[in-house]
Each structure stands twice: as C-alpha cells, then as structure tokens.
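Participant: Supplied in structure tokens, the structure appears directly below.
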C-alpha cells in the first residue's frame, strides 16, 4: 500500500451556526492506513468537523475529498456507502436485542421472502474477527448482558461488517478501564495493519500521544496544526490546544498532612453492608470506578439521605458527620452542618439555565443571614448583598462573561462550573462532596477548579471527590476508594497510586 | 368439553387475538396504539355492510380490515407526519370512530346505529378461527425470523440505530400503524360476521382496550400476547356460563356482577403480573 495516499482530506471546510463559526476553513488530511488523532477542548469544533464528514450536517463551504475524490456527503447512509463509519459516544445498540441482530441490522442476509439468514451472517462475522484478530464469541448474547468494553467491540465489528474503511471513534475511552483501553488500542492497531484508517477524537493527550501516528489540533473552530505524533510532546500539544502554556497536573503547594490526619477520628462516616467509607480531616478522598458501579447512588445517599438512604441502601446504614448520626437528614440540614455539594450533572442538578448568575448563586442560600434582612414582610432577600457577593466571586474565579445578569445557560461549561464551585465555597463548608468537577470543562477552567479544591484541602477542609478521570484522582487525592458492582472493591493510599493496579480493581479484579 | 368450552373460548378470543397482534406490531414500531377500539368498531360496521351487500363473508371481512386500515392511516398522518401526542390522538380517533357507524347506517339503512341481520349464507361458520391461527403463525415467524420484524423492532427499541443503518424510521412506523389498523379491522369484522349476525351499536364494547392490555401483559411478544388473549377469552366464557347460576344461597349472583369479571381480571392481571416492564424503549417518542 502506498503510504502517502490520503483517505480523507478537508479543504477549506467551514460550518456556521448563525454568525458563529463552528468550523472555519479546516484544512487537514488523514493518511490511509494510519491512526489519526483529532484533539481539542470541548467546543473546539472536533465534533462538528466529524458530523460534517459523517453527513449529519452539511458543510457551508469548502470540500471534502474521500480517496482523492471530492464528494458532497448528504447523510450518514451516504457516508457509510463511501466507507466512513462512526462509533458514537453513546452506542447505537439496542439493549434487549442480540449482538447478531444489532450488527446485521440494515445489511441482513435474507431470502427472497425476507427470512433472515442468521447463520450466514454469523459465519461472515466470525471470518471478519479472524481476519482482523478480534476476539469475540458472544453473538447470541443480548447487549445488556455485555460489559461496556464488549459493547464497544460490537460497534467496531459492526463497522467492519458494513465494510467501513475509515473508522471514526468519538471519545472511545471515556467509559473504559485502563485494561479495556489497552485492549481497544491493540485491536485498533490490528485494524490499522489490515489497512483501515482510524480517526480518534479525544481530549486525552496521553492516549493520543501513545497510540496515534499523527494528530490534528483544533481550537475555537480552527485547525491549529497537524503534527506527526512521534515528533511532538504533551506540552506542545497542550499549548496548541489552549493557546498558552498550561500544566495538566496540579503543581501548587500540597501541605503535608500533619498528625491530625493520623488521628483515627473521622469527619464523615458512612457504613453500610456494601459501602463503607470514612473521611478523615484534611484529606481528599477519591471515589473511582467505571460509570454505573454505584458511585452515583453513593453520592445521592450522602447528599440527601432523607430520600436516597432509603431508596438505595434500604435504610440500613449509619451516616455520621462530625460524630453526629444524621441518617435521615435533608439537604438543608446537611448544608447547615457544613456539608457542601457539587452535583454530578451540572445542567440538570446544579443550575437553572434560564436564570442569571445571581439567582443561581442564591440557590440554597436563600435563608442565609448574610443575604437576608428584615423587610416589610419579615425576613427578605437582600438583592444588593447577593449581587455584591456574586461580583466578588466573578472576580475571584475569573468567571466569564463577568456580568451577574447573564443567564447561566449561555455560559460555557467551564464558567458554569466555576460558578458552581463559587457557590459551594461561599458558605465555607468544612466537608465538600464534589462530583465530576471538570467534566466537559476547558483546560483553563480545570486548572482553576483544581486549585480551588486543593486550597480547601490545604486549609484543613475534607473533600470527597468523585471522578471518572483517573488521572485527576491520582493527581489530587490523598486516598482513593474504587467502586465495582455497587461495592467498595478496593482502597489505595496515595503512595500506592498506580493506574494499572487501580484499573484492575475498577474492572472487578 | 370441546364444544362447550374450548371452541367458545377460541371464538371469543379470535377478535382479541387479531386486534392484539395489530397492537403489538404497532407498539413494537414505537407508536402507542390506543385506537384499536376505534378500528374494531368501524371494522365491525363495514364488515357487516359488505357481507350484507355482497353476500360473501370473506369480502366483508376483507373490507373490515380495509376500513380499519383507512382509519389508522388518519392516525398515522396525525402522529407521524404532524407529531401529535399519541394518547390524545388515539383517544380522538376512538371518539371519531364512534360517530361513523350511526352516520352511515342512517344513510344506508335508515337506522340509528345498527345493520339489518346478515343472512346465514353470508355468515362465517369456522373460517375466522383458521384465519386467526394463520395470522398468529405469520406474526410469530415475522417477529422472530424475518428482516421485516427485525427492522420494525429496532424502530421501537433504538430508532437511531435503525436510521444509521440506512432504514427509514417513519416508514417502519407507518407499516406498524397500518398493520394494526388492518388487523384490528379484521377483529371487528369477526364480531359482526362471525360472533353475531349483524352490527349493533357500540359493538366493540372495550375489546380494543382489552386487546391492548393483552399486548402489555404479553410483554409485546407474539405468543405471550396470544396466550393473554386466551386468558381473557376464558374469563369471557366463564362470565357467560356463570350468569344465572346459583353459586351460594338461594339467589343467583346478579348478572351485572358476573359481567364485571373480564374487566376485573384485566385490571388485576395488569396490576399484579406485569413485573419488569419490557416495553419498547422508544415507545411514544416521535
């Protein structure tokens, strides 16, 4: 195979929404038979570019060349006919149907009368797996009985069955354990050896550096540059992505936990049959695990035991904060005891999108004496005080746009999250429950948020940090518990942090 | 036993089974179908009309199916093309259907909502049972082993996957709706040309809803759905047999109490036995 042949080439492709450029004059090409990374922060235009390529949204100008020929890709089916296939972040698989039926959908071998030839499809799939060295045998299993990693493999096999030559994978590692990630990339390398072209959309620089041949960096809808992976490094890519020098690991001060940490007393204790966790003063305790292994339920029980304690733990648990049993406390009672919360889902649980920053900042603090005063009808909210507080926090956290009257739904994910952090810290809680603080947040904001969390820790506050980014936990935490199958499956002290070992426990080992 | 119990159960179950199969196909494609009742009603009316006019019950039955299908196409237009709420539109279809037989019976027969009796020669003896059996077999086969069934199921389970495989979602849903209209129409046709000898006012009498309950009880799968219909058929026959029977004391149980039975069983069974919901994932979203 000619190594310089290109599979896909973008030539001046632009895509606008109103007068906002989601993609502006994209120029880059993807070599046939290579693994090509496409990186950039959230909102940099990676997804839009791939939607244009996959025919979901038409380009406004410019052209796309597939195998050297200019084509107008009308819709995903057309893209598939051209040999372009995509593994979406949310899998296109029906839970209650079998693997075989899911794969052959739309391309079923069948008789004249429409009878499915499942045996024939299966033979063909087994041949494909053999040719590409993929291991898979559970053709008759239902999708819901497979692990996430296996489901992803089904998606890849589906693309091969549809004879895709270019495979686009959108953030494929977000839901995988490190072991599954390794297996995925081993498989992708095999596909590459057989001449397939792979496009990897990612925001994780490490995996892009480790597994790709070349990488295109996007920022604010434009291509910043395309590099050969072996000739670049993390710092350079990060700088291209963000537009300035950034550090991905927290490099500020990290106060050594003093003797108080050795004290056996804990500030928060949650004991139940399956989950038992203790939080010591002044530490950041990480909660790791593949999504859907009980972390969500644990957080809900911690933050609102009056409802979720019964629902998820059947009322059989002990929950103590500062030595006080609070098994059926409401969120307000918790708040008054100094427990603060950053919920899992920013948009559905933390913010009112169609209200401004002041209203959002006030959520849960509407009875705080700092923001209320005696008025005509008793205790009333004092808007001026709230506004002053919001403006102070806009300064402190560098929230943009810096106007307290902006609807939070119009702000970027990073700025929304900064507002949520500001609100969390405003009543000066002593225990912080923080979930996915950097999910869908740009690198600049990540730094700010990590700094804020670390600062609280260094002030002696205690933090439980839930995250699906193992790197983030390793970077910040003093201790980590790993969830698997609704239980605490392992615990690691900071000096034992090793992604590989933790990954094994995440996978159930 | 055969003549006194099994055959009557099959007779009263046949319309339920036909309507329920229609409902199953429609809901499997992702569209809620509460209009079965209305399709059955127009089916039973037009079935009687054509059986009368042609003296051929087969033509009557066929036209019953066509009438149901025509009405279902109106439903399809409203929910697929104009994306109206499926529960509300289904209710509207049922109400609309209630007005159709009186309207035409006034014009054609100068009566307020019934047809003259169908002569014995133009009535069915046993054929609808065989037709039902054939359609059950065809449905079960198509559901599990045909390309059509696979694609239609995905329209209800994961429409995005179907679309990305290059198959039109709305075409599958149209098929589901039209099949439900045709089968429920047939079901209505058997009421007037097989189970009795004319169309009478409000002939479907809630059977469309019982059929829908059977679909839910059968977890949207063909054979369990048919079994659920047979269960309702058994209670229906039991209800008829128990009328006027002295169960305890000196007086028979009032007939109204006995007539509640099929409906009561429907409620109890639905409330108690459904267990884990297995409804199509995308049911009702369009």
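Participant: Could you tell me the distance between the Cα centroids of the stretch B:232-252 and the stretch A:403-435, to the nearest Å?
Facilitator: Rounded to whole Å, the Cα centres lie 68 Å apart.
Participant: Further question: Quick one: grab the alpha carbon gyration tensor of the stretch B:2-276, order the square roots of its eigenvalues as a ≥ b ≥ c, and give me rounded if a/c is under 1.5, else prolate or oblate depending on whether a/b is larger than b/c. Intermediate values should be presented prior to the final figure.
Facilitator: Numbers: a/c = 1.72, a/b = 1.27, b/c = 1.35.
It is oblate, given that a/c is not under 1.5 and a/b is not larger than b/c.
Participant: How long is the gain from residue A:78 to residue A:183 if the chain were fully straight, where each residue apart is worth 0.36 nm and the alpha carbon distance is subtracted?
Facilitator: Values: separation 105, 0.36 × 105 = 37.80 nm, distance 3.06 nm.
Net length gain for the segment: 34.7 nm.
Participant: May I ask you to derive the relative contact order of chain A, considering only C-alpha pairs under 8 Å and at least 6 residues apart, and to give it as an integer percent?
Facilitator: Values: 937 pairs, mean separation 76.7, N = 509.
Across chain A, relative contact order equals 15 percent.
Participant: Hey, with R₀ at 41 Å, roughly what FRET efficiency would residue A:328 and residue A:485 work out to, going by the Cβ-Cβ distance, to 0.05? Numbers along the way, then the final one.
Facilitator: Numbers: r = 26 Å, r/R0 = 0.64.
With R0 = 41 Å, the Cβ-Cβ based efficiency is 0.95.
Participant: What does DSSP give for the protein assembly as shown in terms of the percent of beta bridges that are antiparallel, rounded to the nearest 5? List each step's numbers first, then the result.
Facilitator: Working: 48 of 83 bridges.
If I count the DSSP bridges inside the protein assembly as shown, around 60 percent turn out antiparallel.
Participant: Multiply the residue separation of residue A:354 and residue A:391 by 0.36 nm, subtract the distance between their alpha-carbon atoms, and state the gained length in nm to one decimal.
Facilitator: Numbers: separation 37, 0.36 × 37 = 13.32 nm, distance 1.90 nm.
Result: 11.4 nm gained on full extension.
Participant: To continue, here is another question. Rounded, prolate or oblate, given the Cα gyration tensor of the stretch A:266-326, with a/c below 1.5 counting as rounded? Mind dumping the intermediate values first?
Facilitator: Values: a/c = 1.93, a/b = 1.09, b/c = 1.77.
Verdict is oblate for the stretch A:266-326.
Participant: Calculated FRET efficiency, residue B:73 and residue A:56, Cβ-Cβ r, R0 45 Å, to nearest 0.05?
Facilitator: Working: r = 31 Å, r/R0 = 0.69.
That pair, residue B:73 with residue A:56, gives E of 0.90.
Participant: Classify the stretch B:5-55: rounded, prolate or oblate, from the alpha-carbon gyration tensor (a ≥ b ≥ c, eigenvalue square roots; a/c under 1.5 rounded; otherwise prolate if a/b is larger than b/c)?
Facilitator: Values: a/c = 3.01, a/b = 1.27, b/c = 2.37.
Oblate, because a/c is 1.5 or more while a/b does not exceed b/c.
Participant: In whole angstrom, note down how far apart the Cα centers of the stretch A:115-170 and the stretch A:270-297 are.
Facilitator: 36 Å
Participant: Based on alpha-carbon centroids, what's the gap between the stretch B:1-64 and the stretch B:137-181 in Å, whole number please?
Facilitator: 22 Å
Participant: Could you tell me how many degrees, from 0 to 90 and to the nearest 10, lie between the Cα long axis of helix A:178-193 and the main elongation axis, the longest principal axis, of the Cα atoms of chain A?
Facilitator: Roughly 20 degrees, rounded to the nearest 10.
Participant: Could you work out which residue, out of B:61, B:36, B:133, moves most in a Gaussian network model of chain B, that is, has the largest mean-square fluctuation with Cα springs under 10 Å?
Facilitator: B:133
Participant: Could you compute the FRET efficiency for residue B:260 and residue B:126, with r as their C-beta to C-beta distance and R0 at 30 Å, rounded to 0.05?
Facilitator: Once the sixth-power term is evaluated, E becomes 0.50.
Participant: Moving on to the next point. Work out how much length residue A:120 to residue A:42 would gain on full extension: take 0.36 nm times their residue separation and subtract the Cα-Cα distance, in nm to one decimal.
Facilitator: On the way: separation 78, 0.36 × 78 = 28.08 nm, distance 4.27 nm.
Taking 0.36 nm per residue and subtracting the Cα distance, the gain is 23.8 nm.
Participant: In whole Å and largest first, what semi-axes does the C-alpha gyration tensor of the protein assembly as shown yield when each eigenvalue is scaled by 5 and square-rooted? Numbers along the way, then the final one.
Facilitator: Working: eigenvalues 663, 260, 131 Å².
Largest first, the protein assembly as shown gives 58, 36, 26 Å.
Participant: Now for a different question. Starting from the Cα of residue A:307, step 7 Å along the direction of its Cβ; do the same at residue A:291; then give the gap between the two resulting points in nm.
Facilitator: The answer from the label model is 2.2 nm.
Participant: Measuring from label point to label point, each 7 Å out along Cα→Cβ, what is the residue A:89 to residue A:471 span in nm?
Facilitator: 1.6 nm
Bear in mind that the values in this text are calculations on the coordinates, not laboratory data. Just so you know, these numbers come straight off a predicted model, no measurement behind them. Don't worry about glycine lacking a Cβ; one is built from the backbone with ideal geometry, like all the others, and counts go over all protein chains shown.
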